[in-house]
Amino acid sequence: MPSWRSRLVLVIGVVVLAGCGAAAAPSARPEITDAWVRVPSPGATSTAAYVVISNPGGVAEVLTRVSTPVAQGASMHRTTTSTDMGGMTGMEMVDAIHIPAGGEVTLEPGGFHIMLDALTGTLAEGASIELTLTFEHAGEITVTAAVRGG
């Protein structure tokens, strides 16, 4: 019959192993909704795409890359307003967009957004395109985005 010390060591071992298993459990994949692409202006070779990214997991996630077959380049940007230049609006490229655990980030006009550069064809209202979003933990997620007026 095992001693009380042996039983205690066994119980502690089980608790420690159970805790390790919980920490190693994969986080939930981000959910991408409301994906859309602005119809480009006539003659334009670039446009913007927007999505809502929800992170139901318990671990923060990071959007690190975006691609699409309809553009030679896709990059993440943030709209900025200069305080020292009379309130001029511009945009700057960002390397990543952070989505907090249990949180949500909306890529929208006037905020974070995706720029699609060197379009490879015409994007007409009512069409749809694929966007592939690459996340630090979840990897690639491909969604369909509707092309619509802004």
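Residue-by-condition table, conditions (1) in a loop (DSSP other than H, G, I, E, B); (2) within 18 Å of the chain's Cα centre (by Cα); (3) under 25 Å from GLY149 (Cβ atoms):
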site: VAL37; (1), (2), (3): no, yes, yes
site: GLY57; (1), (2), (3): yes, yes, no
site: GLU92; (1), (2), (3): no, yes, no
site: PRO109; (1), (2), (3): yes, yes, yes
Scanning region 102-144 for residues that are touching a residue at least 40 places away in the same chain (Cβ under 8 Å), among the small types (Gly, Ala, Ser) and more than 18 Å from HIS77 (Cα to Cα) gives GLY102, GLY103, GLY121, ALA124, ALA138
So ARG5, is it charged (D, E, K, R) and modelled with pLDDT of 95 or more: no
Out of (1) outside any strand (DSSP E or B); (2) of a type in the set (D, E, K, R); (3) within 22 Å of GLU31 (Cβ to Cβ), what's the single condition that is false for GLU125? (3)
Being within 12 Å of the chain's Cα centre (by Cα), surrounded by 14 or more Cβ atoms within 10 Å (Cβ to Cβ) and either over 14 Å from VAL51 (Cβ atoms) or among the small types (Gly, Ala, Ser) (or both) is true for just one of ALA71, ALA127, ALA145, ALA138. Which residue is that? ALA138
Take region 45-85 and flag every residue that is of a type in the set (Gly, Ala, Ser) and without any contact (Cβ under 8 Å) to a residue 40 or more places away in the chain. SER82
Of the listed residues (THR89, THR81), the one being surrounded by fewer than 12 Cβ atoms within 10 Å (Cβ to Cβ), farther than 20 Å from SER46 by Cα and out of contact with any Asp or Glu (no Cβ under 9 Å at 6 or more places or on another chain) is THR81
Looking across region 43-55 at residues that are part of a strand (DSSP E or B) and of a type in the set (A, V, I, L, M, F, W, C), the single one that is nearest to ILE129 (Cα to Cα) is ALA49
Subset of region 60-81, residues at pLDDT 95 or above and either hydroxyl-bearing (Ser, Thr, Tyr) or not in a strand (DSSP E or B) (or both), comes to ALA60, THR64, SER67, THR68, PRO69, VAL70, SER75
Inside region 86-101, can you point out the residues that are without any contact (Cβ under 8 Å) to a residue 60 or more places away in the chain, touching a strand residue (DSSP E or B) at 6+ places or on another chain (Cβ under 7 Å) and closer than 16 Å to THR134 by Cα? VAL94, ALA96, ILE97, HIS98
Filter result (among the small types (Gly, Ala, Ser) and at pLDDT 95 or above) within region 82-104: ALA96, ALA101, GLY102, GLY103
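The values are calculated or read from the model by the stated rules, or taken from the named source; none is laboratory data. All values derive from a computational prediction rather than experimental measurement. Here Cβ is always computed from backbone atoms with ideal geometry, including for glycine, and neighbour counts include all displayed protein chains.
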